[in-house]
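Right, one structure below, let's go through it.
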Amino acid sequence: AGIRRIAALYAPVMISLVLETLVRTLSYNFASQTGTGSISYMNWATTLIQFPHGLVGTAISVAILPTLSRQAAMLHQDGEQPFKNTLGLGLRLVITLILPATIGLFVMANPIIGLIFEHGAFTSVDTDITAHALRLYLIGLPFAALDVLLVYAFYARQDTLTPAIIGFFSLLLYLGVTLLLLPTLGLFSLMIADSVKHIAHTLISAILLNRRLNGM
């Protein structure tokens, strides 16, 4: 029975991962159509964005998940408030750390990229293009960091289906924005679509979770 329960909870997560992989493959395909070096620009910008995202959003969410899970299991005894308090603490901590990181990366994008990557065949022109891509990714970074914690809050309550459904909708939105902007903005349409995806996923998750908790 326990294994069946685990399988049922994991199935939506697995489907989401498969869809993410397919969309990532499509993204590389779209990027390859926008000119030489576009995939490299996307990869370099993604590498830089993943550092604060992992260091703040993912790390805090992983640290808080066991407490959220334990409090969710005790809802019948302790009520919603302990769960709300822990989630609220996590959200405030993410916001406090991710906003300065986002602003710092946005302002210092060119010198940071120049310091790390600008050598050999990587020129100042490549730095400018990568910095522009990074700044467009950064629009969605605070939302992406908060979203990890919101998704984990659903997981703590034994709900993996809701985040999967939201994720499916946000992936469709990502593809729609990409196809709409690709002819005019080229590579940068992918970064804009990614930020739109994170913003939509976070806002929908927050609204639904707020309803489940009768206020956060």
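The values are calculated or read from the model by the stated rules, or taken from the named source; none is laboratory data. Given the structure is predicted, the values throughout are model-derived calculations rather than measurements. All Cβ positions, glycine included, derive from the backbone under ideal geometry; neighbour counts span all protein chains shown. The protein model used for the area step is the full one, side chains on, heavy atoms only, and it has no ligands, DNA or RNA in it. Shrake-Rupley method; radii C 1.70, N 1.55, O 1.52, S 1.80 Å.
Run lengths n ≥ 4 of DSSP H only: what is the helix-derived mean residue ellipticity at 222 nm for the chain, with -39500 (n - 2.57) per run over all residues, to the nearest 500?
-28500 deg cm²/dmol
Heavy atoms only, probe 1.4 angstrom, no DNA, RNA or ligands counted: give me Met216, Met191, Met74 ranked by accessible area, highest first.
Putting Met216, Met191, Met74 in descending order of accessible area: Met216, Met74, Met191.
For Ile139, Ile6, Ile98, what's the largest-to-smallest order of accessible area, 1.4 Å probe?
My answer, sorted largest first, is Ile6, Ile139, Ile98.
Which of these, Tyr174, Tyr155, Tyr137, has the largest mean-square fluctuation under a Gaussian network model of the chain (Cα springs below 10 Å)?
Taking springs between Cα atoms under 10 Å, the residue moving most is Tyr155.
Mean Kyte-Doolittle of at least 1.0 plus a Cα span of 15 Å or more along the axis: flag which DSSP H helices in the chain meet both, please.
TM-like helix candidates: 59-73, 81-107, 141-156, 161-185.
Go ahead and run the numbers for FRET between Ala1 and Ile116, Cβ-Cβ distance against an R0 of 41 Å, rounding to 0.05.
0.20
When Rg/Rh (Cα atoms, Kirkwood Rh) is calculated directly from the model, which label among (i) 1.02; (ii) 0.97; (iii) 0.92 fits?
The value computed from this structure is option (i).
Can you give the relative contact order of the stretch 101-164 as a percent, counting alpha carbon pairs under 8 Å and 6+ residues apart?
30
Find how much the distance from Lys84 to Ala63 grows on full extension, using 0.36 nm per residue of separation minus their present alpha carbon separation; answer in nm with one decimal.
Between Lys84 and Ala63, full extension yields 6.0 nm more.
Determine the shape class of the stretch 92-211: with a ≥ b ≥ c the square roots of the Cα gyration tensor eigenvalues, call it rounded for a/c under 1.5, and otherwise prolate if a/b is greater than b/c, oblate otherwise.
oblate
Given 37 °C and 0.692 mPa s, compute D for the stretch 1-64 with the Stokes-Einstein relation, Rh being the Kirkwood radius over Cα pairs; round to the nearest whole µm²/s.
Roughly 226 µm²/s, to the nearest whole number.
Contact order normalised by length for the chain, with contacts defined as Cα pairs under 8 Å and 6 or more residues apart; what percent is it?
29
Order the peptides 40-47, 145-152 from the highest to the lowest mean number of other Cβ atoms within 10 Å of their residues.
Ranked from most to least packed, the peptides come out as 145-152, 40-47.
Given the options Thr58, Thr86, Thr25, state which has the largest fluctuation in a GNM of the chain using a 10 Å cut-off (strictly under) for Cα springs.
Thr25
In whole angstrom, how far apart do the alpha carbon centroids of the stretch 58-102 and the stretch 129-207 sit?
If you average the Cα positions of each part, the centres end up 21 Å apart.
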